[in-house]
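Here's the structure, in structure tokens; my notes come after.
Readers should treat all values here as calculations from the given coordinates under stated rules, not as data from a laboratory. Worth saying up front: this structure is predicted, and the values here are computed from it rather than measured. So basically every Cβ, Gly included, is an ideal-geometry build from the backbone, and we count neighbours across all protein chains shown.
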Amino acid sequence: MEEDIEELVVRYRPIITFRVRKSIGAQNTDCDDLVSEILSQVMEEIKNGDFRGESSLGTFVYTITSRRIIDYIREKSRVIKYAPEPEPFPDPQEILELREASEKVQEALEKLKPKYQHVLYLYYYQELSREEVAGKMGISPRKVSELVNYALKLLRKEIKS
């Protein structure tokens with residue numbers, strides 16, 4: 001029995017591999033897995049007695065291969081059907097405008113006094129609460145709000161000019 005299975009694999013693996021690659025594409029990374037699944041299914045069905053000898057073994061293998069390829073394609077198309085649409089490529093003009101805006105903000109930040117830079121850094125980039133910023137800077141939470149609001153006002157003024 002062991003020799004029969006080995007002979008089956010040696011004889012039909014190249015044929016199954018050819019059919020699978022032709023059907024789903026040679027570059028598909030699932031080819032080898034699908035071939036192994038088909039061979040396992042063929043061996044299992046032979047062991048279970050599903051192959052009754054009414055047709056040739058080649059026809060039996062061909063039928064299982066065809067059905068498994070169809071199942072694989074249906075499964076993949078179902079996944080693709082419900083996959084979200086990819087985001088469109090950004091407009092180069094928008095990228096350029098965002099980069100310029102970012103540079104303006106960077107230049108404006110560099111012109112602020114260190115205490116304003118520090119409070120904005122802690123509040124926006126470190127995402128600390130007013131109370132946490134107040135604790136780090138040794139000031140009241142209300143003073144943090146005042147510094148943040150004034151720093152933003154200075155930034156807007158600098159960016160507009």
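The table below lists the values:
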read-out	value
Where N is the number of residues in the stretch 2-81, Cα Rg divided by 2.2 N^0.38 Å	1.13
Inter-site label distance for Q106 and K47 at 7 Å from Cα along Cβ, in nm	6.4 nm
Given charges at beta-carbon only (K, R positive; D, E negative), |dipole| of the stretch 1-137 in Debye	360 debye
Rough spin-label spacing in nm, given labels placed 7 Å along Cα→Cβ, for L154 and E132	2.4 nm
Links that overshoot a 22 Å alpha carbon limit, given the list K136/K160; K113/K136; K113/K153; K22/K47; K47/K76; K104/K136	K136/K160; K22/K47; K47/K76; K104/K136
Cα gyration tensor category, rounded, prolate or oblate, for the chain with a/c compared to 1.5	prolate
Globularity ratio of the stretch 70-152, using Cα Rg and 2.2 N^0.38 Å	1.93
